[in-house]
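Heads up, the thing below is written out as structure tokens.
The values are calculated or read from the model by the stated rules, or taken from the named source; none is laboratory data. Computed from a prediction, not measured in an experiment: that's the story for all the values here. Note that we place each Cβ from the backbone using ideal geometry, even for glycine, and neighbour counts take in every protein chain shown.
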Amino acid sequence: MEINVIQGNATQHPTPGLVVNLFEGVTTPGGATGAVDTALGGLISRLIESGEISGSKGEIRVIHTGALTASADASPVSAERVIVAGLGPSGDFDYDTIRSVSASVARKLRSLKLPTAATIVHGAGIGGLDPADCAEAIAEGSLLGLYRFDRYKSSSDSNGSGDSDSTNGSLETLEILELEASKIADLESGVSRGRAYADAACMARDLVNEPPNVLTPSELASRAQDASSDSGLDFEVLEADACRALGMGSYLSVSAGSVEPPKFIHITYSGDSAAPKNNVWLIGKGITFDSGGLSLKPPGSMVTMKGDMGGGAAVIGAMQAIAALKPKINVHAVCAATENMPSGSATRPGDVVQAMNGKYIEVVNTDAEGRLTLADAVCYARDNGASRIVDIATLTGAVSIALGKGHIGGFSNNESLWKSVDDAAARQGEPVWRLPLSNTSKQLNRSEVADIKNSGGRLAGSITAAHFIHEFAEDTPWVHLDIAAINMSDSVSGVNVRGATGASARLLVRLVEDLAG
Ligand code: BES
Ligand code: MN
Ligand code: ZN
């Protein structure tokens, strides 16, 4: 979809659909919505009074203006339809409201089969937010909300679901209306930033949505390589032999049961070559299919396990936006990609493996494989001069039990890096909730035969997993994000559609921009 910022007046701009907005509780709309209301002879106010329009968040009301009729010239507004989008209570209003409302509105416009529509800048007037940032949020939200993955659908509604995200329409152009010519350039730069953020998440979604027979570790590496060369990023893959030579026995133990070769992906963005220590390493879990290995998962738990490379997809997607936005910082993305499969050559429960830093690990459960891959990736980052590490992983089912779908589970050994992640997460509407690295839980990882075991059992499952990674991050400033609960969505809601959410890709881009200052 094209997004153009154009100089125009809400009442006089000819368009099939004009999007205006309303806060909950407002009885007489102001700003552009007010101007449209006045032009329509107070129609919006009357619909508010009668209760048909309330302004509640997510509410979308379509008013046909009569501009379609033969006497179109007589219509008081040039738009054929006015779409009133509810923004919810003004006290709760933020950039994420704009994203989420823009996403729902974009889907509505598509379902109305409108090829083009125009919107006022939500938030810039009555909301009191920065106009360019509002335009960014509108672009980001609209593009995220319109996302669909239909590569393997021969016809667009083959399951007959008739859902709004599987209808045929396609919104080709969205116009953002601004009265003052002097503000247009600013809004345009907001739109292109919003597009970079959305593209990062949509690339991550595409990778996660691909079936695991297509998206093998080799295919993941090849797509990451293509995207990186398009964006001018440095790209490297360490093959199994190179990983073995580096001593990555922990990572390689996960790939032992698969016929697919592991691919250790390393992408580099050099935004501050003069200061190599000004860096952050983003490490994403990259299990292209998690069967559990010999500790085999039950069938019901296996069906979504193509998504177990969601963290890796997020860091690969984020790097593309980082390359576009050019922050002054060095960023490394690592994804130790592999399948986790059972076979005669698979790692057995009870095996002891050695990580790159020499530590011995007793593998008591081959389904706790993510942390085994992350251990070596973290060692590799530290060996290569990492100043800060953020790892992102669909690591534990337990994080859904603890936090549900409202938050990413977070852990850290460093207050300052934690605060940066927390702020970036809140700004992007992908909030994190910090869980404790308590010493009591740490004891659960103690092994009788090795330095550590890879599962602490049922208690505090997300915390013991984080402790395990911490053992390899040691004193390097580090944040671990467990995105298992929000990596996939089973409903259409706000910026998310069914399937992959692209979780944390946008959070990472924001974090990198913030760290670059
Ligand atoms: N990939 C899973 C975690 C997961 C579960 C992600 C559900 C998304 C949805 C991970 O590798 C796993 O299997 N974790 C185990 C750990 C246990 C064996 C200690 C889990 O959470 O049950
Ligand atoms: Mn697993
Ligand atoms: Zn897994």
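Here are the numbers for the structure shown:
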read-out	value
Selection from segment 402-443 of residues that are in contact with a strand residue (DSSP E or B) (Cβ under 9 Å, 6 or more places away or on another chain) and more than 26 Å from Tyr197 (Cα to Cα)	Ala402, Asn413, Asn414, Leu435, Pro436, Leu437
Test: residue in segment 370-383 that is part of a loop (DSSP other than H, G, I, E, B) and not aliphatic (A, V, I, L, M)	no
Close pairs (7 angstrom Cβ cut-off, 6 or more residues apart or separate chains): in contact (Cβ under 8 Å) with a residue 60 or more places away in the chain and under 14 Å from Leu179 (Cβ atoms) in segment 119-134, part of a loop (DSSP other than H, G, I, E, B) and among the aliphatic types (A, V, I, L, M) anywhere	Ile120/Ala10
Given (1) free of Cβ contacts under 8 Å to residues at least 60 places away in the same chain; (2) surrounded by 22 or more Cβ atoms within 10 Å (Cβ to Cβ); (3) more than 30 Å from Arg446 (Cα to Cα), number of the condition Gly502 does not satisfy	(1)
Residue among Arg434, Arg388, Arg371 that is of a type outside the set (A, V, I, L, M, F, W, C), buried (at least 19 other Cβ atoms within 10 Å of the Cβ), assigned by TED's automatic domain parsing to the domain that holds Ser301 and more than 16 Å from ligand 1 (Cβ to nearest atom)	Arg388
Filter result for Gly358 (more than 16 Å from ligand 2 (Cβ to nearest atom) and not in a strand (DSSP E or B))	yes
Strands (runs of 3 or more DSSP E) enclosed by segment 253-292 - at least 3 residues per element that are more than 14 Å from Ala221 (Cα to Cα) and either within 13 Å of ligand 3 (Cβ to nearest atom) or touching a helix residue (DSSP H, G or I) at 6+ places or on another chain (Cβ under 8 Å) (or both)	279-284
Pairs where the first residue, in segment 251-262, is at pLDDT 95 or above and the second is surrounded by 24 or more Cβ atoms within 10 Å (Cβ to Cβ) and of a type in the set (Asp, Glu), C-beta under 7 Å, 6+ apart	Tyr251/Asp376; Val254/Glu369; Ser255/Glu339; Ser258/Glu339; Glu260/Glu339
Boolean, Glu339 is surrounded by 24 or more Cβ atoms within 10 Å (Cβ to Cβ) and more than 10 Å from ligand 1 (Cβ to nearest atom)	yes
Residue within segment 246-267 that is out of contact with any strand residue (DSSP E or B) (no Cβ under 6 Å at 6 or more places or on another chain), within 26 Å of Leu511 (Cα to Cα) and more than 16 Å from ligand 1 (Cβ to nearest atom) present	no
